[in-house]
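As structure tokens, the structure follows; a few thoughts come after it.
The values are calculated or read from the model by the stated rules, or taken from the named source; none is laboratory data. Every value quoted in this text rests on a predicted model; they were computed, and no experiment measured them. Quick reminder, even Gly has a Cβ in these numbers, built from the backbone with ideal geometry, and neighbours come from all protein chains shown.
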Amino acid sequence: MIYRPIVLDKEVVFSKKKFIVSKTDVDGIILFVNKNFCEVSGYTQSELVGEPHSVLRHPDMPKAIFYMLWKSLLSGMEISAVVKNLAKSGEYYWVIADFSIKRDKYGKLESFSSFRRIASKEVIEVMQILYAEMLLVERRKGVEGSLRYLENFLEEKNMSYEEFLEDLVKPKGILALLINNFKKVLN
């Protein structure tokens, strides 16, 4: 079991060229992390493999986001999200996470892979405001209230969650090609 660090208001800085990759089973237990994941998070591979991915969950993240992520993945839908993670040091790092699904030969869900890249300052600014509001609602009205807040936020923008994220974070040009090629290698 991993000890939860004291949360520090300090950001882990890492290169835009680093892709952080992890793979979990359908219960969220970590099966694999790449070298970049270990470098950014501060954990070793042996510390993470076998642990629930939630050990990296930063308290600034609304539970509603993870509820939505897991609901989508377990229903067989790939999804993306902007996530603030907690490093072993107590520092934080923001990533854009693209989740993909692997099925066994019978079509049953087998595992989920997450390909993460650093989030831009512009993306972080938008998500910090949204997540802070969702957390306030979540404290008063629970996950359901937080999800309703997100739904209303998206309705005002006349966008689905996927459209909102795509508009905010969609990789362009060579970055998009690199991400797609990286996904093919791992799946």
> Which is of a type outside the set (S, T, N, Q), over 17 Å from the mean Cα position of the chain (by Cα) and outside any strand (DSSP E or B), of Glu156, Glu166?
Replying inline: Glu156
>> Can you tell me which residue is nearest to Ser72 (Cα to Cα) among those in the stretch 1-52 that are assigned to a loop (DSSP other than H, G, I, E, B) and touching a His at 6+ places or on another chain (Cβ under 8 Å)?
In response: Gly28
> How many residues are surrounded by fewer than 17 Cβ atoms within 10 Å (Cβ to Cβ) and either closer than 18 Å to Met127 by Cβ or small (Gly, Ala, Ser) (or both) when one looks only at the stretch 61-74?
Replying inline: 2
>> Contact list please: Cβ distance under 8 Å, first residue in the stretch 58-84 and among the polar types (S, T, N, Q), second residue in a helix (DSSP H, G or I), pairs at least six apart or on different chains.
In response: Ser80/Glu162; Ser80/Leu165; Ser80/Glu166; Ser80/Val169
>> I need a count of the residues in the stretch 88-105 that are among the small types (Gly, Ala, Ser) and crowded, with 21+ Cβ neighbours inside 10 Å.
In response: 0
> Which is surrounded by 17 or more Cβ atoms within 10 Å (Cβ to Cβ), β-branched (Val, Ile, Thr) and touching a strand residue (DSSP E or B) at 6+ places or on another chain (Cβ under 6 Å), of Val33, Val55, Val49?
Replying inline: Val33
> So how many residues does the stretch 118-148 have that are more than 16 Å from Asp167 (Cα to Cα) and either part of a helix (DSSP H, G or I) or of a type in the set (Lys, Arg) (or both)?
Replying inline: 20
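Okay, residues lined up against (1) at pLDDT 95 or above; (2) within 28 Å of Val13 (Cβ to Cβ); (3) aliphatic (A, V, I, L, M):
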site: Ser46; (1), (2), (3): yes, yes, no
site: Gly50; (1), (2), (3): yes, no, no
site: Asn85; (1), (2), (3): yes, yes, no
site: Arg117; (1), (2), (3): no, yes, no
site: Lys121; (1), (2), (3): no, yes, no
site: Ile129; (1), (2), (3): yes, yes, yes
site: Leu147; (1), (2), (3): yes, no, yes
> Is at least one residue of the stretch 92-100 free of Cβ contacts under 8 Å to residues at least 40 places away in the same chain, farther than 15 Å from Val13 by Cβ, small (Gly, Ala, Ser) and in contact with a helix residue (DSSP H, G or I) (Cβ under 9 Å, 6 or more places away or on another chain)?
Replying inline: yes
